[in-house]
Structures are given as C-alpha cells and as structure tokens.
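Engineer: There's a structure below that I have some questions on.
Since every read-out is calculated from the coordinates, none of them should be taken as a lab result. Values in this document were obtained by computation on a predicted structure and should not be read as measured data. All Cβ positions, glycine included, derive from the backbone under ideal geometry; neighbour counts span all protein chains shown.
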Amino acid sequence: MDTPALVDAFNGAWNDHDLEAALDLCTADVVFESTDPAPDGRRHEGRDEVREAWRPVFEQLSGRFDIEELTMAGDLVVQRWRYDWGTGHVRGVDVIRVRDGRIAEKLSYVKG
C-alpha cells in the first residue's frame with residue numbers, strides 16, 4: 001500500500017472507531033508516543049503495548065477526526081487534525097513514520 005492510501009485507511013479506522021483495523025495497518029514493532037502524562041507523554045512500543053494504550057481512547061471515541069492539513073515527504077507524514085464530538089473539539093498534530101507500507105511510528109501532540 002502506498003503512503004497516501006495507508007494514511008487514508010489509518011484515519012478511516014480511527015473515524016470508524018475500529019482499533020484492530022488501525023493496528024493492522026501498523027508494523028509489529030510500532031511506536032506510539034502519547035500526549036500524556038504532561039509534559040512529555042509516554043512511549044509505547046510494539047503492537048500489544050500500543051493496543052493497550054489505544055483501547056481506552058477507541059472505547060471513548062464518539063466523534064470524528066478531520067484532517068486540516070496533510071504533508072508527506074518520503075517516509076514522513078505530518079497531519080494537523082481537529083477532533084469534534086457533541087459538545088466540543090480539540091486540535092492536534094501527528095508525526096507519522098511509514099516503513100514497508102505500514103505505520104511504524106506515531107507521535108501525537110494536542111493543544112490545550
């Protein structure tokens with residue numbers, strides 16, 4: 001899968017609230033750096049650890065991510081997004097690395 005199709009499928013899995021579909025698009029040794037605890041977040045390594053980090057997020061998702069800006073350069077993807085739910089929204093940025101057609105790293109940053 002090429003990078004644009006991968007990112008589209010990955011974002012679609014998040015909007016479908018489908019944890020396993022999102023993980024299926026990741027490498028076995030995927031790295032995720034969360035936004036909390038402040039100030040530096042936490043590093044999660046490997047699909048199992050990332051699954052446990054993402055599970056509570058996916059269980060609480062009720063809204064939609066909209067990509068405001070997307071930049072791709074080689075294996076690097078930077079996407080600026082807005083997540084809207086019934087009573088509010090939050091904005092953030094993901095820095096994603098792609099390897100062999102899969103998400104290898106996702107570093108997340110959130111405003112506020």
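Engineer: State whether segment 3-110 is rounded, prolate or oblate according to the following rule on the C-alpha gyration tensor (a ≥ b ≥ c being the square roots of its eigenvalues): a/c under 1.5 gives rounded; otherwise a/b larger than b/c gives prolate, and the remaining case gives oblate. Before the final figure, lay out the partial values.
Structural biologist: On the way: a/c = 1.32, a/b = 1.16, b/c = 1.15.
Here segment 3-110 falls in the rounded category.
Engineer: Quick one: if the Förster radius is 30 Å, what FRET efficiency do R47 and R91 give, using the C-beta to C-beta distance and rounding to 0.05? Walk me through the numbers before you get to the answer.
Structural biologist: On the way: r = 27 Å, r/R0 = 0.91.
About 0.65, to the nearest 0.05.
Engineer: So in the chain, what percent of DSSP beta bridges are antiparallel if you round to the nearest 5?
Structural biologist: Working: 30 of 34 bridges.
The antiparallel fraction comes to roughly 90 percent.
Engineer: Return the calculated 222 nm mean residue ellipticity for the chain, to the nearest 500 deg cm²/dmol, obtained by summing -39500 (n - 2.57) across DSSP H runs with n ≥ 4 and dividing by the residue count.
Structural biologist: -9000 deg cm²/dmol
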